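The values are calculated or read from the model by the stated rules, or taken from the named source; none is laboratory data. A quick note: this is a predicted structure, and the numbers were derived from the prediction, not measured. Note: ideal-geometry Cβ built from the backbone for every residue, glycine included; neighbour counts use all protein chains shown.
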Amino acid sequence: MKRIQELMKELEPRLVEFRRDLHMHPELSMKEFRTTERVREALTEAGIEILDLGTEVGVVGLIRGATEGPTIALRGDIDALPIHEENDVPYRSKTDGVMHACGHDVHTTSLLGAGLILNELKETLKGNVKLIFQPAEEINEGARLLIDHGVMENPRVDAVFGLHTTPDYPAGQVAVKSGGLMAAVDTIRIEVKGVGGHGAIPDSTIDPVVAACSMVSNLQSIVSRNISPLDSVVVSIGTINAGIANNVIPEVVKLTGTARSFEPSIREKLPEMVKRVIDNSVQAFGATASLEYIYHLPPVYNNESLVDLATEVVEEICGKGSAMDPRPSMGGEDFALYMEKAPGFFYWLGTGNKEKGYTHKWHNPRYNTDEKALPIGSGVLALSAIKALERF
């Protein structure tokens, strides 16, 4: 533990430099070519083996321990968002309309730091550690891509750990949650059909706009009247597209939205509930509707057998009382897909700093990070791997 702390301190300037470089050069999902190369260069320089999965973006490193044993995976996502940065900092994004507004630059840097720490300690490792630098988390495709290309095999992964920044806690605190931490993510696509016509003669039409508006309001009854208030569910419509002119009632309205939930039994019932509401809502106006309900991601559900390990890790890295019990989020994470393949644990890494104004939530153009969290994230991931190798 003393050596880990020493390495965290030694690496801090390098981690800050690396994170700022990533922050200045953000790349969208499946276009993370520069980021991939920067990570690859850093791993190669350290002498860390790189596994070729045959993907254009993303990197997987492998640290082989001194003795045979299990394989533990650590994951960090590398993509940015289509958001124009409003922070006035020297390392502001140099790509207009793209920024690291969800902390993936921190995740990537923390994972690199963990890899460098573990590589220094590899003669003491009782097994292997995979370093998964994953693309395309923001479009829910990266984890699936790497899993399909065998990232959880050869050698087979016995447990997987990851983390996500949160401004809700300051640097030096890390959230450790048993069970559901982040929600399942499903996509809703709806098409409402009516009969178009002149806006001045609505009685000669079947107005799909009015029908769709009623339907959107009624969809909220799923949460308020069809599901127990003790269970967490969100149904939100994010896009509505219809019409070409102010005086024309269109034939079709197209809508997309998201549904979030934790309990599998409730998630299974949601398509039927949504379908019933949209059909009955639009039929009242004489319109019809179709639904495409897409199950995208399961919930991030921390394995209960790893909670004690995670708590020990945080308290050894950050001190007693630093492991916080967080309120779950209805946000989603494709880290959940790795958890379907192996026991997993997902931390929230405190990155907030009220004095510096680092309080903005994920996906905000002013999102930023207290960089004191970088060595902490590295240490938490590294020690998680070490303890898991001993356990598995």
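General observations
- Any hit, the range 178-189, residues being of a type outside the set (Gly, Ala, Ser) and part of a helix (DSSP H, G or I): no
- Pair list, Cβ < 7 Å and 6+ apart or interchain, from the range 27-45 residues that are at pLDDT 95 or above to residues that are of a type in the set (Lys, Arg) and assigned to a helix (DSSP H, G or I): Glu27/Arg34
- The set of residues in the range 338-360 being within 25 Å of Glu263 (Cβ to Cβ) and either surrounded by fewer than 24 Cβ atoms within 10 Å (Cβ to Cβ) or of a type in the set (Val, Ile, Thr) (or both) consists of Met339, Glu340, Lys341, Ala342, Pro343, Gly344, Trp348.
- The listed residue being acidic (Asp, Glu), under 25 Å from Phe262 (Cα atoms) and buried (at least 23 other Cβ atoms within 10 Å of the Cβ), out of Asp334, Asp308, Asp325: Asp334
- Of Ser204, Ser236, all but one fail to be closer than 24 Å to Arg327 by Cα, surrounded by fewer than 20 Cβ atoms within 10 Å (Cβ to Cβ) and either touching a residue at least 24 places away in the same chain (Cβ under 8 Å) or among the polar types (S, T, N, Q) (or both); the exception is Ser236.
- Selected residue (criterion: farthest from Asp308 (Cα to Cα)) from residues of the range 171-188 that are surrounded by fewer than 19 Cβ atoms within 10 Å (Cβ to Cβ) and out of contact with any Phe, Trp or Tyr (no Cβ under 8 Å at 6 or more places or on another chain): Gly172
- Failed condition for Gly179, given (1) at pLDDT 95 or above; (2) of a type outside the set (Lys, Arg); (3) in the same structural domain as His100 (by TED's automatic domain parsing); (4) within 21 Å of the chain's Cα centre (by Cα): (1)
- Matching entry among Arg156, Arg189, Arg225, Arg144 (being among the charged types (D, E, K, R) and farther than 27 Å from Thr258 by Cα): Arg156
- Candidates Leu62, Leu28, Leu11, Leu51, filtered to the one that is over 20 Å from the mean Cα position of the chain (by Cα) and over 22 Å from Val313 (Cβ atoms): Leu51
- Asn154 vs. criteria in contact with a His (Cβ under 7 Å, 6 or more places away or on another chain), surrounded by fewer than 23 Cβ atoms within 10 Å (Cβ to Cβ) and under 23 Å from Met339 (Cα atoms): no
- Between Glu272, Glu251, Glu315, the distinction of being among the acidic types (Asp, Glu), at pLDDT 95 or above and under 30 Å from Gln5 (Cβ atoms) belongs to Glu315 only.
- Filter pass, Asn247 being closer than 20 Å to Ala287 by Cα and either in contact with a strand residue (DSSP E or B) (Cβ under 9 Å, 6 or more places away or on another chain) or in contact (Cβ under 8 Å) with a residue 24 or more places away in the chain (or both): yes
- For first residues located in the range 115-144 and under 16 Å from Asp105 (Cα atoms) and surrounded by fewer than 22 Cβ atoms within 10 Å (Cβ to Cβ), partners that are acidic (Asp, Glu) and modelled with pLDDT of 95 or more and lie 6+ apart or on another chain with Cβ distances below 7 Å form the pairs Glu138/Asp79.
- When Ala259, Ala284 are screened for being touching a residue at least 60 places away in the same chain (Cβ under 8 Å), aliphatic (A, V, I, L, M) and either buried (at least 17 other Cβ atoms within 10 Å of the Cβ) or closer than 20 Å to Pro229 by Cβ (or both), only Ala259 passes.
For every residue, the table says whether it meets (1) surrounded by 19 or more Cβ atoms within 10 Å (Cβ to Cβ); (2) closer than 23 Å to Glu138 by Cα; (3) at pLDDT 95 or above; (4) touching a helix residue (DSSP H, G or I) at 6+ places or on another chain (Cβ under 6 Å).
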position: Val160; (1), (2), (3), (4): yes, yes, yes, yes
position: Thr166; (1), (2), (3), (4): yes, yes, yes, no
position: Glu191; (1), (2), (3), (4): no, no, yes, no
position: Cys213; (1), (2), (3), (4): no, no, yes, no
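- Pairing each residue of the range 364-376 that is among the polar types (S, T, N, Q) with any residue that is surrounded by 24 or more Cβ atoms within 10 Å (Cβ to Cβ) and in a helix (DSSP H, G or I), provided the two are 6+ apart or on different chains, yields C-beta distances under 6 Å for Thr369/Val106.
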